[in-house]
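Have a look at the structure below, then the notes.
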């Protein structure tokens, strides 16, 4: 019985040995894939919540701090950890503090925006949308249903509906895709900053910039003797570096 099984399996083994697809010279048979085909799109995992944040100072990097604040190689930077984040300090009592809005990214952009608005926009709870009176709406529809002019108007609206920004959807014209987040507004000590993340505010009294980007909240505080405008520009520069690191998936802790 064993001899019969061996005779049946022998042709299969010979076919596999002679198969041209098993040629080791074929790149597809190699363990290392092509770097072009194996390259992942930038920002593919920027919305992941499966990993904790790495130390913010590891993400930012000392070289970016030196470049932003024009610090030479002879200036000694001391790295510290406090308040759920970290900081780079140097001579003269200068310091830059970096932190995130939690130990890991929020579960969604909407949750991140809710927390951002709660902390920096003065919104405690989301206001529910008003509910229309169903009975009143039915009475209105029934009274207008026998009017010929109303019937013509209704058919025209249904044939060529308009979007919220009053742009027609016929003829190949469509409205722009709405933003997932509402723009920041200046309120209290927080000044709204444009073109930084999805929404950002700056607090000149503390030298802190708070930024919402996807499902991340980024906090950068600059404690130097520079003017407020200079500190704001430098904080924005550091935020842009962190956003770039997030897009390159370098913000998670490497296990």
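Each value in this text was obtained by applying a stated rule to the coordinates, not by laboratory testing. If you're wondering where the values come from, they're calculated on a predicted model, not measured in any experiment.
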Practice task
Report the extension gain between residue 206 and residue 103 in nm, rounded to one decimal, defined as 0.36 nm multiplied by the number of residues separating them, less their alpha carbon distance.
Solution key: 34.8 nm
Fill in the blank from the handout: The percentage of Cα-Cα pairs in the range 180-255 separated by more than 18 Å is 39 percent
